[in-house]
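Novice: Take this structure, written in structure tokens, and hold onto it; I'll ask about it next.
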Amino acid sequence: MLRPYNRTALAAPRADLLALLAGALLPLAFAPVSFFPLAVLAPALLFLLLLDVTPRRALWRGLLFGLGQFGVGVSWVYVAIHDFGHSGVPLAVLLTIPFVGVLALFLMLFGYLAARFLRGADWLRLILLFPAAWTLVEWCRGWVLTGLPWLNLGYSQIDAPLRGFAPLTGVYGVSLAVAVSAGLLAALVLTVGRARLFALSGLAVLWLSGALLTQIEWTEASGPPLRVSLVQGNIPQDTKWSPEHVQHTLDLYVDLTRQHWDSRLILWPEAAITAFYHEVAGDYLPGLAREARAHGTDIVLGIPVREPGTRRYFNSLYAMSDHPGFYHKRHLVPFGDYLPLEESLRGLIRFFDLPMSGFSSGPEGQPLLQAAGQKFASAICYEDIFGEELIPALPEATLLVNATNNAWYGDSFAPHQHLEMSRMRALETGRYMLRVTTNGVSAIIDQHGKIRGRSPQFEIYVLSGAAIPHSGATPYVRTGNLPVILLVLCLLIYGVLIAQHQPG
């Protein structure tokens with residue numbers, strides 16, 4: 001029989017350092033490393049470090065864990081600011097630190113909640129209350145200050161058995177399953193005898209359930225395979241918006257497209273055309289449309305659109321088909337698509353003067369894009385990291401489309417992490433995801449979240465393959481995040497009520 005964990009064995013400074021190191025290891029559970037067991041191990045260690053400490057100490061350890069997690073996991077922000085925002089090293093570091101710090105505040109909140117309000121027996125705290133609080137904090141991070149649900153635990157499980165919960169509960173349900181697994185693992189360390197057997201059995205049941213759920217087909221094919229081509233132009237970010245390079249970009253995408261007229265659908269990435277729609281609507285686009293129509297091909301391309309009679313312009317997708325139409329990006333990237341507090345910040349720092357950083361948000365309830373006989377749930381750039389925002393297009397849409405520009409982040413974790421989230425969207429909705437990028441990674445992802453084809457990075461490349469349209473709705477599409485959030489709220493209310501009846 002193993003001896004139980006001695007929670008007083010570590011001095012406070014060493015335990016604090018351990019929290020920081022655990023957080024720094026957690027991003028390795030995500031792409032491109034994808035060692036998914038770390039998504040259980042790192043939170044399990046934090047849970048143990050939050051037992052029997054004061055709220056102030058728990059707050060501090062949560063913050064340290066968050067600084068480690070996001071300091072490593074979103075280090076790509078530095079690349080965007082320094083390499084492509086043309087800021088010096090000191091300024092890039094100065095701007096990256098508060099970004100990481102704000103994200104870490106959510107883990108600080110988790111630590112404080114765990115120590116201050118979530119009382120009761122250790123097994124109750126580890127297995128139910130701590131996982132519920134973690135999931136709620138992740139959900140809050142997905143919408144506070146426009147939201148950034150990056151590195152949510154659930155994404156790390158896209159190739160693990162727990163992915164089976166995604167079509168039922170969405171990524172937050174998978175996060176909850178991972179956090180419960182972390183709590184059960186921590187309980188294994190704390191306990192002996194029958195209690196340890198209970199924790200081990202709980203882990204086995206949870207992971208076996210996830211594995212069994214992966215065998216269910218939640219949606220069904222609604223038509224024959226569709227041949228598609230994703231055009232990756234690999235246009236350098238430094239010269240992308242230079243006027244002298246516009247014609248070269250236009251010619252490149254047309255030349256690459258002409259080599260794939262055997263495809264029924266051809267997709268170009270976000271802002272593939274570096275000119276406003278009205279500037280190319282007279283000759284370039286009509287000529288391309290005639291040529292495509294002659295070959296029975298439809299094209300969906302990224303292009304900025306200026307609203308007539310106003311100064312507003314949109315980051316858009318344009319369907320060149322028998323049902324032409326636009327999708328205007330709705331969820332804009334702060335400091336990328338638009339500049340908060342523009343009157344104060346514009347011109348202050350060079351990074352804040354990025355080209356095309358004054359987009360307006362598209363309206364809600366836009367008609368679905370249609371091409372190649374299909375309807376699309378469309379997302380531009382990081383819109384597809386918000387799973388709930390694709391749901392209104394379903395189940396009407398038969399395919400998911402994401403057009404993005406990952407060139408901002410160079411050779412960093414970001415393109416791989418984003419691809420991982422795109423895979424989760426396909427799994428949640430039971431739809432193929434067609435993901436076309438400026439310089440990689442472009443991918444064809446099936447309804448199970450599996451990659452059927454992918455492009456290399458930093459190369460001019462056209463990825464061709466088959467996409468199967470699907471109909472029907474997964475449970476997650478029908479209910480969204482509401483069931484999971486209601487569950488964690490009920491668990492937390494229960495924990496608070498227990499704490500109020502604790503002596504002293």
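Novice: If each DSSP helix of 4+ residues adds -39,500 (n - 2.57) and the sum is divided by the residues in the chain, what number results at 222 nm, nearest 500 deg cm²/dmol?
Specialist: -13000 deg cm²/dmol
Novice: Still on this structure: Which whole-number value in Å³ per residue fits the convex hull of the alpha carbons of the range 220-473? Could you put the intermediate results ahead of the total?
Specialist: Values: hull volume 31.2 nm³, N = 254.
Measuring per residue, one finds 123 Å³ for the Cα hull of the range 220-473.
Novice: Average projected area of the Cα convex hull of the range 43-118, in nm²?
Specialist: Working: hull surface 19.9 nm².
The number I arrive at for the range 43-118 is 5.0 nm².
Novice: Still on this model: In degrees, nearest 10, range 0 to 90: what is the angle between the Cα axis of helix 166-190 and the longest Cα principal axis of the chain?
Specialist: Computed tilt is about 30 degrees.
Novice: Within the range 107-190, report the chymotrypsin sites (Phe, Trp or Tyr not before Pro) that DSSP leaves as loop and that have at most 13 other Cβ atoms within 10 Å. Let's see the in-between values first.
Specialist: Working: sites: Phe110, Tyr112, Phe117, Trp123, Trp134, Trp139, Trp143, Trp150, Tyr155, Phe165, Tyr172; in loops: Phe117, Trp143, Trp150.
When the chymotrypsin sites (Phe, Trp or Tyr not before Pro) of the range 107-190 are filtered for loop state and at most 13 Cβ neighbours within 10 Å, Trp143 remain.
Novice: With a sphere of radius 11 Å drawn around the Cβ of Asp159, what net charge do the other residues whose Cβ falls strictly inside it have (Lys, Arg +1; Asp, Glu -1)? All intermediate terms of the calculation are to be shown ahead of the outcome.
Specialist: Numbers: positive: Arg163, Arg423, Lys450; negative: Glu420.
Charge balance in the 11 Å sphere: +2.
Novice: Another question, if that's okay. Give me the orientation-averaged projected area of the Cα convex hull of the range 383-495, in nm², one decimal.
Specialist: On the way: hull surface 32.8 nm².
It is 8.2 nm².
Novice: Looking only at the chain, where both bridge partners belong to it, what percent of the DSSP beta bridges are antiparallel (to the nearest 5)?
Specialist: On the way: 30 of 47 bridges.
Antiparallel: roughly 65 percent of the beta bridges in the chain.
Novice: Cα-based Rg of the range 281-343 per 2.2 N^0.38 Å, rounded to two decimals? Intermediate results must be reported in sequence, preceding the final value.
Specialist: Details: Rg = 14.9 Å, N = 63, 2.2 N^0.38 = 10.6 Å.
Against the compact-globule rule of thumb, the ratio is 1.40.
Novice: Suppose every Lys and Arg Cβ carries +1 and every Asp and Glu Cβ carries -1, with no other charges. What dipole size does the range 192-332 come out with about its Cα centre, to the nearest 20 debye?
Specialist: 700
Novice: Then there's this: With unit charges on the beta carbons (Lys and Arg positive, Asp and Glu negative) and the dipole taken about the Cα centre of the chain, which residue among Gly440, Thr219, Phe84 sits farthest to the positive side?
Specialist: Result: Thr219, furthest along the dipole toward the positive end.
Novice: When the scattering of the range 49-178 is computed by the Debye formula from its Cα atoms alone, each counted once and equally, what is log10 I(q)/I(0) at q = 0.18, 0.22 Å⁻¹?
Specialist: Summing over Cα pairs of the range 49-178 leads to -1.02, -1.26.
Novice: Considering every Cα-Cα pair within the range 106-156, what fraction, in whole percent, is farther apart than 12 Å? Mind dumping the intermediate values first?
Specialist: Values: 818 of 1275 pairs.
Everything past 12 Å amounts to 64 percent.
Novice: Could I ask something else about it? For Ala271, what residues show an amide H to amide H distance below 5 Å, using hydrogens built from the backbone and excluding near sequence neighbours?
Specialist: Gly302, Ile303, Ser316
Novice: List the relative contact order of the range 1-108 as a percent without decimals, with contacts defined as Cα pairs under 8 Å and 6+ residues apart. Numbers along the way, then the final one.
Specialist: Working: 119 pairs, mean separation 32.4, N = 108.
RCO, the range 1-108: 30 percent.
Novice: Now for a different question. Using the crude model of +1 on Lys and Arg Cβ and -1 on Asp and Glu Cβ, and no other charge, please compute the dipole size for the range 410-492 relative to its Cα centre, in debye to 20. Each step should come with its number before you reach the end.
Specialist: Details: 8 positive and 5 negative charges, 51 e Å.
The calculated dipole for the range 410-492 is roughly 240 debye.
Novice: For the range 439-504, treating each Cα as an identical point scatterer without solvent, what Debye log10 I(q)/I(0) comes out at q = 0.24, 0.29 1/Å?
Specialist: These q points yield log10 I(q)/I(0) values of -1.00, -1.17.
Novice: Just to confirm a number: summing +1 for Lys and Arg and -1 for Asp and Glu over residues other than Asp16 whose beta-carbon lies under 11 angstrom from that of Asp16, what do you get? Please list the in-between numbers first.
Specialist: Working: positive: Arg14, Arg57, Arg61; negative: none.
Charge balance in the 11 Å sphere: +3.
Novice: In the range 220-473, if the dipole is taken from +1 on Lys/Arg beta carbons and -1 on Asp/Glu beta carbons about the Cα centre, which of Leu267, Gly373, Met421 is farthest to the positive end?
Specialist: Selected residue: Gly373.
Novice: If only Cα atoms are counted, what is the Rg of the range 208-266, and what is its Dmax, in Å?
Specialist: 19.7, 58
Novice: Based on the Kirkwood radius over alpha-carbon pairs, what value in µm²/s does the Stokes-Einstein equation return for the translational diffusion coefficient of the range 175-242 at 37 °C and 0.692 mPa s?
Specialist: On the way: Rh = 16.9 Å.
This corresponds to a translational diffusion coefficient of 195 µm²/s.
Novice: Once you charge only the Cβ atoms, +1 for Lys and Arg and -1 for Asp and Glu, what is the size of the charge dipole of the chain about its Cα centre, to the nearest 20 debye? Before the final figure, lay out each step's value.
Specialist: Numbers: 35 positive and 35 negative charges, 369 e Å.
So the magnitude is around 1780 debye.
Novice: Follow-up question, since we're still on this one. Over all directions, average the projected area of the Cα convex hull of the range 117-215 and note it in nm². Mind showing how you got there, number by number?
Specialist: Values: hull surface 27.6 nm².
Spelled out: convex hull of the Cα atoms, projected over all directions, averaged, 6.9 nm².
Novice: For the chain, report the convex hull volume of the alpha-carbon atoms normalised per residue, in Å³, without decimals. It would help to have the intermediate numbers written out before the result.
Specialist: Details: hull volume 75.1 nm³, N = 504.
Per residue, the Cα convex hull of the chain comes to 149 Å³.
Novice: When a footprinting reagent is the concern and you count Cβ atoms within 10 Å, what order do Thr191, Thr429, Thr214, Thr239 take, fewest first? Please report the intermediate quantities before stating the final value.
Specialist: Working: Thr191 20, Thr429 31, Thr214 17, Thr239 12.
Going from sparsest to densest Cβ surroundings: Thr239, Thr214, Thr191, Thr429.
Novice: Would you mind computing the Rg to Rh ratio of the range 391-435 from its alpha-carbon coordinates, Kirkwood style for Rh? Before the final figure, lay out the partial values.
Specialist: Details: Rg = 12.0 Å, Rh = 11.5 Å.
Rounded to two decimals, Rg/Rh equals 1.04.
Novice: How charged is the neighbourhood of Arg330? Take every other residue with its Cβ under 11 Å from the Cβ of Arg330, and add Lys/Arg as +1 and Asp/Glu as -1.
Specialist: Numbers: positive: Lys329; negative: Asp337, Glu364, Glu383, Glu389.
For residues surrounding Arg330, the net value is -3.
All of the numbers you see were taken from the coordinates with simple rules; none came from a lab. Predicted model, so just to flag it, every value in this text is computed and none were measured. All Cβ positions, glycine included, derive from the backbone under ideal geometry; neighbour counts span all protein chains shown.
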